[in-house]
Amino acid sequence: MKVFLTGATGFVGAEILRQLIEHGHTVACLVRGSSAARLQPLIQSNPGMVESVPGDCLEVSSFLEAMRGCQAVIHLVGIIREIPARNITFERLHVEATRNVVRGAVQTGVSRFLHMSALGARASAPSRYHQTKFQAEQLVLQSGLKYVIFRPSIIFGRGDQFVNVLSGMVRRFLPAPVLGDGRVRFQPVAVENVAEGFVRALTPPGCLNRIYEVGGPQTLSMNEIYDAIARAKGFRRAWKAHIPIRWVERWLPIIRRFRPALPLTPETLQMLREDNVCDPREFLRTFAIEPIELEQGLARYFRQ
């Protein structure tokens, strides 16, 4: 099958692309600017299977021809943090980008549209991140395309922007900062399992026109996630220093000035106020996923 893939050079996209190649699919990857260079090793080592498509999901004309002949689209593009000065916003990258990719899929006769959303997406969500994810879902639902929508909880793996950040804070003799009381719950899911879901949703008819909530086999509080990271690193548990979220909100501009790499924004702080959990059994059963527990997955990454 020929697949049109957006977000191929991102954290999740890279794993999906790897598994698509492994399963013998050919892939047209929409990439922007310098990101194309990241695909060159795969293009060279898998001749005829990977194509780099220079373009932008905000401009339909830049990718429409490359989408022709593809049987499926996997749309992953999304952001966790806005950069308004560069016109990088949730409305543009979640809503407008999805509108354009859906329009292209309709015009080119794509038979299956697989879409990356997020657990917690809903119209009434307190965060604009989840609101715009929900708006993007509605565009897919109303398109007339055959679709599968995935709503994952926190995704972990080599290169993720959440667990790896926390891991860098877990030290044997220094306290790790925990925002809030650490009781908010998540359901971390391995990037390999998320990718398996997407790849296995390409062909069976029984999974179509469904929304799947995607989570790992464990529901863990933030405190428990820190302790799992510590054990994977060979410590008994994480030494924690809890910081009130209201205090972080007050000092956020200064914090971001000195630690710009931290994924802290008013949106992420808002999302840390509510649980992000689900019942993943339908996802696991439908796509025959063997779930990877957080500590098991982290121990493997840390050993490599």
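Quickly run through segment 224-248 and pick out the residues that are part of a helix (DSSP H, G or I) and surrounded by 14 or more Cβ atoms within 10 Å (Cβ to Cβ).
Glu224, Ile225, Tyr226, Asp227, Ala228, Ile229, Ala230, Arg231, Ala232, Ile245, Val248
Which one is farthest from Thr203 (Cα to Cα) among residues in segment 8-40 that are of a type in the set (S, T, N, Q) and more than 19 Å from the chain's Cα centre (by Cα)?
Ser34
Every residue, every condition in (1) farther than 20 Å from Ala288 by Cβ; (2) buried (at least 19 other Cβ atoms within 10 Å of the Cβ); (3) not acidic (Asp, Glu), yes or no:
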residue	(1), (2), (3)
Phe162	yes, no, yes
Gly168	yes, no, yes
Phe186	yes, yes, yes
Val189	no, yes, yes
Gly197	no, yes, yes
Thr203	no, no, yes
Cys207	no, yes, yes
Leu220	yes, yes, yes
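Given (1) in the same structural domain as Val248 (by TED's automatic domain parsing); (2) surrounded by 22 or more Cβ atoms within 10 Å (Cβ to Cβ); (3) not aromatic (Phe, Trp, Tyr), identify the lone condition not met by Gly180.
The one condition Gly180 does not meet is (2).
Residues that are in contact with a Lys or Arg (Cβ under 7 Å, 6 or more places away or on another chain), within 25 Å of Asp181 (Cβ to Cβ) and surrounded by fewer than 15 Cβ atoms within 10 Å (Cβ to Cβ): does segment 277-299 have at least one?
There is no residue in segment 277-299 that is in contact with a Lys or Arg (Cβ under 7 Å, 6 or more places away or on another chain), within 25 Å of Asp181 (Cβ to Cβ) and surrounded by fewer than 15 Cβ atoms within 10 Å (Cβ to Cβ).
Just the residues that are closer than 25 Å to Ala28 by Cα and out of contact with any Leu (no Cβ under 9 Å at 6 or more places or on another chain), please, taken from segment 76-89.
Ile80, Ile88
For the condition of a type outside the set (Asp, Glu) and in contact with a strand residue (DSSP E or B) (Cβ under 8 Å, 6 or more places away or on another chain), what is the one hit in Leu20, Leu58?
The unique qualifying residue is Leu20.
Within the set of pairs 6 or more residues apart or between chains, which connect a residue that is at negative phi and of a type in the set (Gly, Ala, Ser) inside segment 229-250 to a residue that is assigned to a strand (DSSP E or B) and crowded, with 16+ Cβ neighbours inside 10 Å with Cβ atoms less than 6 Å apart?
Partner pairs satisfying both residue conditions: Ala238/Ala176.
Suppose the filter is over 28 Å from Phe302 (Cβ atoms) and at pLDDT 90 or above; does Asn223 pass it?
No; evaluated as a whole, the condition is false for this residue.
Which helices (runs of 4 or more DSSP H) does segment 61-148 wholly contain that include 2 or more residues that are among the charged types (D, E, K, R)?
The qualifying helices (runs of 4 or more DSSP H) are 97-108, 128-141.
So if I check each of Ile83, Ile43, which one is assigned by TED's automatic domain parsing to the domain that holds Gly10, touching an Asp or Glu at 6+ places or on another chain (Cβ under 8 Å) and without any contact (Cβ under 8 Å) to a residue 12 or more places away in the chain?
Testing whether each residue is assigned by TED's automatic domain parsing to the domain that holds Gly10, touching an Asp or Glu at 6+ places or on another chain (Cβ under 8 Å) and without any contact (Cβ under 8 Å) to a residue 12 or more places away in the chain leaves just Ile43.
Please state which one of Ala241, Ala228, Ala288 is among the hydrophobic types (A, V, I, L, M, F, W, C), modelled with pLDDT of 90 or more, over 21 Å from Glu192 (Cα atoms) and more than 19 Å from the chain's Cα centre (by Cα). Steps first, please.
Details: Ala228 fails: over 21 Å from Glu192 (Cα atoms); Ala288 fails: over 21 Å from Glu192 (Cα atoms).
Selected residue: Ala241, the only one of Ala241, Ala228, Ala288 that is among the hydrophobic types (A, V, I, L, M, F, W, C), modelled with pLDDT of 90 or more, over 21 Å from Glu192 (Cα atoms) and more than 19 Å from the chain's Cα centre (by Cα).
So, Ile43, is that one at pLDDT below 95 and over 21 Å from the mean Cα position of the chain (by Cα) or not?
Criteria met by Ile43.
Scanning segment 133-165 for residues that are in contact with a strand residue (DSSP E or B) (Cβ under 7 Å, 6 or more places away or on another chain) and basic (Lys, Arg), which turns out farthest from Ala14 (Cα to Cα)?
My answer is Lys146.
From the list Val165, Val214, exactly one residue is under 16 Å from Arg285 (Cα atoms), of a type in the set (A, V, I, L, M) and within 17 Å of the chain's Cα centre (by Cα). Which is it?
Numbers: Val165 fails: under 16 Å from Arg285 (Cα atoms).
Sole residue among the options that is under 16 Å from Arg285 (Cα atoms), of a type in the set (A, V, I, L, M) and within 17 Å of the chain's Cα centre (by Cα): Val214.
Identify, from the list Val50, Val27, Val73, the residue that is in contact (Cβ under 8 Å) with a residue 40 or more places away in the chain, surrounded by 19 or more Cβ atoms within 10 Å (Cβ to Cβ), in the same structural domain as Val110 (by TED's automatic domain parsing) and under 22 Å from Glu192 (Cα atoms). Even if it seems obvious, please write down each step before you answer.
On the way: Val50 fails: in contact (Cβ under 8 Å) with a residue 40 or more places away in the chain; Val27 fails: in contact (Cβ under 8 Å) with a residue 40 or more places away in the chain.
Result of the check over Val50, Val27, Val73: Val73.
The values are calculated or read from the model by the stated rules, or taken from the named source; none is laboratory data. What you see is a predicted model, and the numbers here were worked out from it, not measured in a lab. We place every Cβ from the backbone using ideal geometry, glycine too, and count neighbours over all the protein chains shown.
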